[in-house]
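Comments concern the structure below.
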Amino acid sequence: MRHAGKVVAIVIALALSSTCPAWCRTIVLNTANDPPNATDEHTGICDRIITEAFKRLGLELEIVDLPSERALINANDGIDDGNFARVEGLEKQYPNLIRVAEEITTFEFVAFTAGPAFRTTGWASLKPYNVGIITGWKILESNITGVGSLTKVRDEQLLFGLLAAGKADVVVYDRRQGRVVLAQLGLRGITELEPPLAVKSMYPYLHKRHAALVPRLEQTLREMRKDGTFQRIAVEVLRPPAAGE
């Protein structure tokens, strides 16, 4: 009888698991973003926006920090459940990913230099220079071609280290995150070139096994933007610390 009871329990568990949709568990999203968008404590702007969205959906969210290229590979291979924040169109190169068609932030892709300033009139204006980018930033990999040299590195510290060491004439990165990195590294004499090479909306992506969750997440993000949650989170994260904090 005891054995029979175990069999019944197993059958019930299997039945419940078969009716449970793919998203009725903790969702694991990875990111390669940096402050103020993402932090080690997952208190950045994008961290908090995406966490709040899943909370409203009644789902637990775990955020994993990974290098940019590895983050995409893990999400596409289904090791993680998705990735944020990324440019539109990545599903063409990573067919297992579905874009959530509600942006969670905007990136200004800016060239930074430690040398003489020049006007960046488009991607082609970088052609005479030795350029550095982070591996896995697909918009940069697609558009920065035919330059003097192109060096790809793993992360933002190594990226701006290229400028500090004189191993690149310019590096390209998101403006807001770049300013934080420069402050963290204590680098001086670095100029942001104008205008931005591109300004792009950035989106979450989910693995295709979560296709049923995509429209629900899109609706939740729209509601959060409408009710002021996006703006409130950005203000709270970017607020200068009060004296004594």
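Could you tell me whether LEU213 is in the same structural domain as SER149 (by TED's automatic domain parsing) and out of contact with any helix residue (DSSP H, G or I) (no Cβ under 8 Å at 6 or more places or on another chain)? Steps first, answer last, please.
Numbers: in the same structural domain as SER149 (by TED's automatic domain parsing): no; out of contact with any helix residue (DSSP H, G or I) (no Cβ under 8 Å at 6 or more places or on another chain): yes.
Considered against the rule, which asks whether it is in the same structural domain as SER149 (by TED's automatic domain parsing) and out of contact with any helix residue (DSSP H, G or I) (no Cβ under 8 Å at 6 or more places or on another chain), LEU213 comes out as no.
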### Query
If you take the residues in segment 52-76 that are touching a strand residue (DSSP E or B) at 6+ places or on another chain (Cβ under 9 Å) and among the β-branched types (Val, Ile, Thr), which one is farthest from GLN219 (Cα to Cα)?
VAL64
### Query
What strands (runs of 3 or more DSSP E), lying completely within segment 67-134, carry at least 1 residues that are under 30 Å from PRO215 (Cβ atoms) and in contact (Cβ under 8 Å) with a residue 12 or more places away in the chain?
82-86, 97-99, 105-113
### Query
For segment 31-49, how many residues meet the condition of being in contact with a strand residue (DSSP E or B) (Cβ under 6 Å, 6 or more places away or on another chain) and among the hydrophobic types (A, V, I, L, M, F, W, C)?
2
### Query
Which members of segment 176-199 meet the condition of being of a type in the set (Lys, Arg) and buried (at least 17 other Cβ atoms within 10 Å of the Cβ)?
ARG176, ARG179
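The values are calculated or read from the model by the stated rules, or taken from the named source; none is laboratory data. The structure presented is a predicted model; accordingly, all values stated were derived computationally and were not measured. Ideal geometry is used to build each Cβ from the backbone, glycine not excepted, and the neighbour counts take in all protein chains shown.
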